[in-house]
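This report refers to the structure that appears directly beneath it.
Every number in this text was worked out from the coordinates using simple rules, so none of it is lab data. The structure presented is a predicted model; accordingly, all values stated were derived computationally and were not measured.
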Amino acid sequence: MSAYIADDTYLPDKLPVHPAQVLATLFNKSIPDRLACISAARCLSIMGRKAAPYASGALTKVLQNSGSDLRYEALVALGYLGPGAAPEAAAAVALRAMEDEDARLRRQALHTLTIFGPDAAHVSSTAIAKACHDEDTDVQVAAIKCMTAMGPDIDCKVAGPSLVKVLDSGSQEMRRFAMETVAVIGSGVASYVSNPIAQHLRPLPGSDPELRLLAVIALEALGPEIVYEQEVLLARAVRDPEIEVRERAFLTLRDAGCVKGMMGSMMLEERIFSPEVLAASKLVVEDSSSDSSGTSEDSDSSAELESFGSEAEEAEEEDPAESSPKSGGAGDEEIDNEEAERLRKNLLKNWS
C-alpha cells in the first residue's frame with residue numbers, strides 16, 4: 001500500500017485518514033514496539049514526500065528516545081520525506097549529527113540535512129560546522145557536502161572559521177570539497193577564507209593542480225574585490241605549469257578588470273614591494289645610470305686623444321721632411337761635399 005500512496009494510484013480521491021497518520025501512531029505509544037516502528041519507518045520512506053505533513057513530528061520524537069537502530073531508520077525516513085519535514089525535524093536531526101555516539105548515525109543525519117537543503121540551514125549551521133572536524137572521515141565528507149547544499153543560507157559566521165580550519169589542516173580531499181563549498185556560498189565567507197585559499201595558488205613541489213584550479217574558481221566566486229586583493233598571486237598563476245590553471249586565472253583577472261595582473265606579477269611591483277623599497281631601488285638605478293654616463297664621457301675623451309696621436313704619427317710618416325727640423329749653413333754643405341768625394345773614389349777604385 002505504501003507504494004500506491006507514493007504513486008497516487010489505486011486510491012480514492014479523498015481518504016478519511018491518511019495511512020501515514022496511522023503509521024505515525026505507532027511511534028507515539030508509551031512503550032513502542034521496536035520492530036513495528038522499524039517497519040513503519042520503512043513504509044513511510046516508501047511513501048516519500050506525501051507522508052511529510054502527517055509523520056514528521058512522530059519521526060522526530062523517535063530521534064530523541066529510541067535505540068540506535070530505530071533512530072537510524074527514522075533518519076532515513078525523514079530524508080525520504082524531504083524538505084517538507086524540515087520545519088519540525090531539522091533541529092533534532094542536527095542534534096543527532098553533532099552528538100550521536102554512532103558515527104553511522106551522525107553520517108546519516110548529515111545526509112538527511114543535505115536533503116532538507118537551505119530550509120534547515122538556520123538551525124543546523126553549528127552542527128554542520130562542527131561535523132566538518134569529526135573524528136570519522138566519512139562524517140567529515142558528509143558534513144562539507146551538507147554545507148555545500150545549504151549554500152548562501154548557512155550562517156557564515158559559523159561556517160567561515162570552520163572552512164578556514166579545513167583549508168589549513170584538512171586532508172587533500174576535504175580541501176577540495178572546501179573550495180567547492182566556498183564557490184557555492186560566495187562572498188559571505190570572503191573575509192574568512194580569501195587568504196587561506198590564495199595560499200593554495202602557489203605551485204609548490206607536490207602541490208595538487210586540481211586544488212590550484214579550484215582555488216582560482218573559489219576566488220572568482222568571492223567577487224571582484226577579493227580578486228583585486230589577491231591579484232599578485234593570481235598574476236603568478238597566469239604562469240602556472242598547468243594550462244587550465246593559467247587560462248582560468250587569466251579569465252578571472254580579466255573579468256575583474258585587473259589588466260596589469262593579466263600580464264604577470266612583474267607588472268605589479270607597487271603591489272609587491274613597499275614604497276621604501278621602490279624608492280631605494282629607484283635611487284640605485286639613477287646612480288648606476290650616472291656612473292655609466294661618466295664612464296662613457298671619459299672613454300670619449302681617451303678616444304679623442306688616441307685619434308689625435310694616431311693622426312700625428314700618420315702625418316710624420318707621410319712627410320718626414322716636414323716633421324724633421326730644417327738644417328742649413330756652411331757646415332751642412334761641407335759634409336755633403338766630403339760624402340760626394342768619398343763616393344767618387346770608391347767608384348773609381350771598383351772600376352779599375
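Quick one: compute the contact order of the stretch 155-282, relative version, from alpha carbon pairs under 8 angstrom and 6+ residues apart, as a percent. Could you put the intermediate results ahead of the total?
Values: 157 pairs, mean separation 24.7, N = 128.
It rounds to 19 percent for the stretch 155-282.
Using the Cα gyration tensor of the stretch 155-282, with a ≥ b ≥ c the square roots of its eigenvalues, what is the shape: rounded (a/c below 1.5), prolate (a/b larger than b/c) or oblate (neither)?
prolate
Using a ≥ b ≥ c from the Cα gyration tensor of the stretch 1-148 (square roots of the eigenvalues), is it rounded, prolate or oblate, where a/c under 1.5 gives rounded and otherwise the larger of a/b and b/c decides, a/b for prolate?
In terms of gyration-tensor shape, prolate.
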